[in-house]
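The values are calculated or read from the model by the stated rules, or taken from the named source; none is laboratory data. Values in this document were obtained by computation on a predicted structure and should not be read as measured data. Because the Cβ atoms are built from the backbone with ideal geometry, glycine has one as well, and the counts that use them run over all protein chains shown.
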Amino acid sequence: MIVQIGNFFFRCRNGLFPLLYILIFLNGPTAFPDSRLGLLIGVLVAMSGQALRAVTVGLDYIVRGGRKRQVYADRLVHGGIFAHCRNPLYVGNCLILIGIGTAANSLLFLALGVPFFLFAYWAIIAAEEAYLRGKFGEEFTKYCARVNRLLPNFSGLSKTLEGMRYNWKRLITAEYGSAYIWMAAILLASLKNRWFAGEYDIHDSNVRTVWSLLALVSVAYMVARYLKKRGMLENR
């Protein structure tokens, strides 16, 4: 049953998951008395998740999205960070989502959205593991026996990194969209908090700083998208 649910979420996640972001923009109960504390903690948590994703993607990458919206893999990826955690990208995603809810000071997102995402990723992982076990058999079984599903074990990391080359172009190509979404969400949520608190003033230096940061990350997104579409980030 959980595998079928995971396959459903895998097929529909690009359309379904973003809808949950609506929760952070609702005027609901807050998690912290001071939204600035939540913003600080949330940004740090989200950045830790993005850092984990960045290291993972730049070293040894597993193609996301499957094939025709179905779970698919042409090889069993077990190098780089995948030698220390079977699902580092999903762990990074969960940290980013917790960071977004915390930074937005949204109890609704933390109480409803985050548990939903945790369940959805758990189901997706079950579906992916069923597929990988069926395709790679004993090789995947041995991989599972030596590498944790979620909790990273960085013992021997220096040995893993020996001789590996970090792929910056792949990092930008793979991450510019998702990174932009969570950063823009946090910045807009911080403006939302000021608005509902009656503290929004376009002449306020803090408000202007947030808008400037939003413009900056938007420009960075457009530049990265342009470079990708022009093929300037392809490895030759």
Candidate set: the range 1-31, residues that are outside any helix (DSSP H, G or I) and in contact with a Leu (Cβ under 9 Å, 6 or more places away or on another chain); chosen: the one nearest to Ala185 (Cα to Cα): Leu26
In the range 113-147, what count of residues is obtained for those that are touching a helix residue (DSSP H, G or I) at 6+ places or on another chain (Cβ under 6 Å), surrounded by fewer than 18 Cβ atoms within 10 Å (Cβ to Cβ) and farther than 16 Å from Gly6 by Cβ? 0
Please pick out the residue among Gly58, Gly92 that is in contact with a Phe, Trp or Tyr (Cβ under 8 Å, 6 or more places away or on another chain), of a type in the set (Gly, Ala, Ser) and not in a loop (DSSP other than H, G, I, E, B). Gly58
Considering residues that are in a helix (DSSP H, G or I) and either among the β-branched types (Val, Ile, Thr) or within 21 Å of Arg75 (Cα to Cα) (or both), the number found within the range 130-159 is 16
Would the range 46-57 turn up any residue that is modelled with pLDDT under 85 and not small (Gly, Ala, Ser)? no
Got at least one residue in the range 62-75 being surrounded by fewer than 18 Cβ atoms within 10 Å (Cβ to Cβ), outside any loop (DSSP other than H, G, I, E, B) and out of contact with any Pro (no Cβ under 9 Å at 6 or more places or on another chain)? yes
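Condition check ((1) surrounded by 12 or more Cβ atoms within 10 Å (Cβ to Cβ); (2) touching a residue at least 40 places away in the same chain (Cβ under 8 Å)) across all residues:
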position	(1), (2)
Tyr180	yes, yes
Ser190	yes, yes
Asn193	yes, yes
Glu199	yes, no
His203	no, no
Arg208	yes, no
Trp211	yes, no
Leu214	yes, no
Val219	no, no
Among residues belonging to the range 210-236 that are at pLDDT 95 or above and polar (S, T, N, Q), point out the one that is nearest to Leu40 (Cα to Cα). Ser212
I'd like the residue in the range 160-172 that is part of a helix (DSSP H, G or I) and at pLDDT 85 or above and, out of all such residues, is surrounded by the fewest Cβ atoms within 10 Å (Cβ to Cβ). Trp168
